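Read through the structure below, which is laid out as structure tokens, and then see the notes.
The values are calculated or read from the model by the stated rules, or taken from the named source; none is laboratory data. Quick caveat: nothing in here was measured; it's all calculated off a predicted structure. Neighbour counts are summed over all protein chains in view; Cβ atoms, including those assigned to glycine, are modelled from backbone coordinates with ideal geometry.
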Amino acid sequence: MINPEKHRVEIYRLGEEVVILGDGDILSVPDLLPGWEVAVSDLWPLEF
């Protein structure tokens, strides 16, 4: 789940603990998209 208000990404997988990522972390999903990754901070619009 992507929460732009809190700048947080929550990853839920059956039978596993929730993984919470924030700015400064890298989001990757190697089992679905091998080699793809994005900085969590790049998901939010720039603030001026």
Seminar exercise, completed: Residue hits (region 1-43; surrounded by fewer than 10 Cβ atoms within 10 Å (Cβ to Cβ) and in contact with a helix residue (DSSP H, G or I) (Cβ under 8 Å, 6 or more places away or on another chain)) are 24
For this session: Look at residue 46 and say whether it is loosely packed, with under 11 Cβ neighbours inside 10 Å and either aliphatic (A, V, I, L, M) or modelled with pLDDT of 95 or more (or both).
Result: yes
Exercise. Within the set of pairs 6 or more residues apart or between chains, which connect a residue that is over 15 Å from residue 29 (Cβ atoms) inside region 6-17 to a residue that is modelled with pLDDT of 95 or more and of a type in the set (Asp, Glu) with Cβ atoms less than 7 Å apart?
Worked result: 7/23
